[in-house]
Structures are given as structure tokens and as C-alpha cells.
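Below you'll find the structure, written out as C-alpha cells, and then a few comments.
The values are calculated or read from the model by the stated rules, or taken from the named source; none is laboratory data. These figures come from a predicted structure and were not determined experimentally. Accessible surface is based on the protein model in full, side chains and every heavy atom, while ligands, DNA and RNA are left aside. Shrake-Rupley method; radii C 1.70, N 1.55, O 1.52, S 1.80 Å.
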Amino acid sequence: MRAIRVASAALLGVSALALAAPAAVAQGDNITPFGFSVLPSTVAAGGQVTLQLDRDKGGCVGSATVSSGVFDTISIPGNRSSATAVVDWDAKPGATYKVTFSCDGVSGSTQLTIATGRTNPTPYPYTNQGVHAGEGGTVAGFDLKEIGLGAALIVGSVGAAYYFSRRRTGEDGA
């Protein structure tokens, strides 16, 4: 019974070490006196990301610069902790771009992934005009000749019906 507990504890320890090692290796060149992040870490081309800077540790006092190959360089003033950036429309779907935060001579980087689904790069043009509703056939194509001809045909057919209904033959009358 004791062997099962020892083996379980050893397996648990090895698993924890294996899961913690990639995080430590990934943080290798990003040991900075300030924290930083890009939210969300996966975004569609043309989307907006928030560049977050953690100034609570005291490692970044002045203005910070955030640069990447997928958006314009952004400056975060010393009195703010975040800024927004718009990802370029021509960013390659599925690609990963490096985002570098620099402050007080120290820099660190993280990754930004472009989502595979691409949105329409040209937004639908909205106009300030309302829709043309309710007109139907009342005003559109108003033509006096056609209305007159239609009225004449109706009057003629009603007149002909009346004439033939009132006409008497010689056999009917006395």
C-alpha cells in the first residue's frame, strides 16, 4: 500500500515540474520590473487590442512604448496603464506577431495571434437618409396619358355592358 502512495506522490511531483517548466522557459527573456499583456491574445485582422501595463511593481515610471509588426507603435504616457491599438487589415490569418513593451530602458515581449476568420475590411456605408417606403404605385411613374386611357377603357366597358343589358329584341317586347 505504501508503494502506491509513494508512486502517486512521485507522479504528481513530476507532472507539476513538467507543466511548470514550459512557463519558466517562455518567460526567459521577459523578466522585467513591470508586468504587461495584450488583451485579447488572439484577435481577427482589423480588430482592436488593449495593451495593458502593470505599473504597480514600480519598474515603469515614465512613458512606455509598445511596438509590433501588426499595428502602429503606441506610446502609453506615464500617468496611464493601458492603451488600445487597431490590428492591420492585412495581417496574415493564423500568424503570430511579437509585441514588445519598452519602458525606462527595459523591454519585454509577448505574442499576439491573428485569428483565422477574417471580417469584411470595408464597413457597410451608412447613409443619413431614410428608406423610401409607402409610395407603392401612388406617385412613382405618374403618367396622365396612361391614367386617361385606363379610365376611358373602364368607362367604355361599363357603357357597353349597360347598353347590351338594356337592349331588347323584337321577340321580347310587346
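Calculated accessible area for segment 72-121 comes out at 57 Å² per residue, all protein chains present (probe 1.4 Å; ligands, DNA, RNA ignored). Using a probe radius of 1.4 angstrom, the carbon and sulfur fraction of the accessible surface of segment 59-115 is 47%. Were the residues from ALA95 through PHE164 laid out at 0.36 nm apart, the gain over their Cα-Cα distance would be 16.3 nm. A cut-off of 5 Å between modelled amide H atoms, ignoring neighbours fewer than 5 places along the same chain, links PHE36 with ASP54. Ordered by solvent-accessible area of protein heavy atoms (1.4 Å probe), largest first, the residues ARG168, ARG80, ARG55 come out as ARG168, ARG80, ARG55.
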